[in-house]
Structure formats: structure tokens, C-alpha cells
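What follows is one structure encoded as C-alpha cells, with my remarks underneath.
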Amino acid sequence: MDDKITFNSIDDYIAQFTPEVQEILKTLRKVIQDSAPDAKEKISYQMPTFELNGNLVHFAAFKNHIGFYPAPRGIEAFKEELSEYKGAKGSVQFPIGKPLPYELISKIVKFRVAENIKKAEEKIKKKK
């Protein structure tokens, strides 16, 4: 028997958390939607994921933080602004209990959108 929870949608994912964490996740989702209006939502690696010509960003809630995963280049490009947060090569941790830097998240998402569109265009050019 497998105890692993499988989510079918971002709504399912968000619904499992406390109301305060749900609020944070809903706001984060809206910021991502507004910053990448053409992106599609899905669950990937059991995390809410937005994709546009490939994965853009993932996010997830943990006991003490919200994880945001904009790929290593998304972290690298905003290293300075993200320096006050814990993180790794492709992720950043926003502590629960502190306001998330939604404006910065929006900038990172837009950066990733531009990056993925450019990558997709270059693939098309190579095929010609």
C-alpha cells in the first residue's frame, strides 16, 4: 500500500494546508498567473507547477517555509535580491510568518517566461 498523497490539481494541493498557508499559496499562485498569463498549471514532482515551453516555476509549502523553484538560472539572476533568504542552486525558502516578496517573485517569473520563450524560439530556428 502506498501512503503517498497524489494531487490532481493545484487546488487539491492547496486544500490540504491550514487556512493561513492556503492564503499564502493562493496569493503566490495569483502572482505567478498574473506574471505568466499564458502558462499552464499542472502538478509535477507532486508540487504546483507552471509551464510555458517547459517548466517555468514550482512551489511547495513546508512546515516553516514556502519553497519556490524557478530553476538555477532564476535564482542566479536575482541572487542579490534573494540573498536574505535560505536557498539552494534552484530554490529559495520564504519563511512562513513573514510576508512573501511577491514583487520579486513576479520579476523572477517574468524572467523565466522570457527565458523559456527565447529557448523555444531558438529550437524553432534550429529546425529550419
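Numbers below:
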{"item": "Pair GLU84, THR6: separation of 7 Å Cα→Cβ label points (nm)", "result": "4.2 nm"}
{"item": "Loop chymotrypsin sites (Phe, Trp or Tyr not before Pro), segment 61-128 (other Cβ atoms within 10 Å of the site Cβ: 13 or fewer; DSSP)", "result": "PHE62"}
{"item": "For ILE96, residues with placed amide H under 5 Å, excluding near neighbours", "result": "HIS65, ILE66"}
{"item": "Proximal aspartates and glutamates to LYS123, defined as alpha-carbon separation beneath 16 angstrom and excluding residues fewer than eight positions away on the same chain", "result": "GLU115"}
{"item": "³J(HN,Hα) computed for each position of segment 106-119 - Karplus, 6.51 cos²θ - 1.76 cosθ + 1.60, integer Hz, glycine/proline x", "result": "4, 4, 5, 4, 4, 4, 5, 4, 4, 4, 5, 5, 4, 4"}
{"item": "Radius 10 Å from Cβ of ASP11, net charge of other residues (Lys, Arg +1; Asp, Glu -1)", "result": "0"}
{"item": "Proximal lysines relative to LYS127, as straight alpha-carbon distance under 29 Å, when same-chain residues fewer than 8 apart are discounted", "result": "LYS40, LYS42, LYS110, LYS118, LYS119"}
{"item": "The chain: angle of helix 19-35 to the longest principal axis, Cα-based, in degrees nearest 10", "result": "10 degrees"}
{"item": "The chain, relative contact order in percent, only Cα pairs under 8 angstrom and at least six apart counted", "result": "21 percent"}
{"item": "Alpha-carbon centroid distance for the pair segment 9-43 / segment 51-128, whole angstrom", "result": "15 Å"}
{"item": "For TYR69, net neighbour charge (Lys/Arg +1, Asp/Glu -1) across residues whose Cβ lies under 11 Å away", "result": "+2"}
{"item": "Probe 1.4 Å, protein heavy atoms only - accessible area per residue of the chain in square angstrom", "result": "63 Å²"}
{"item": "Accessible carbon and sulfur surface of the chain relative to its total accessible area, %, 1.4 Å", "result": "53 percent"}
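The values are calculated or read from the model by the stated rules, or taken from the named source; none is laboratory data. All figures in this text were calculated on a predicted structure; none of them were measured in a lab. All Cβ positions, glycine included, derive from the backbone under ideal geometry; neighbour counts span all protein chains shown. SASA here: full protein model, heavy atoms, side chains in, ligands and nucleic acids out. Shrake-Rupley method; radii C 1.70, N 1.55, O 1.52, S 1.80 Å.
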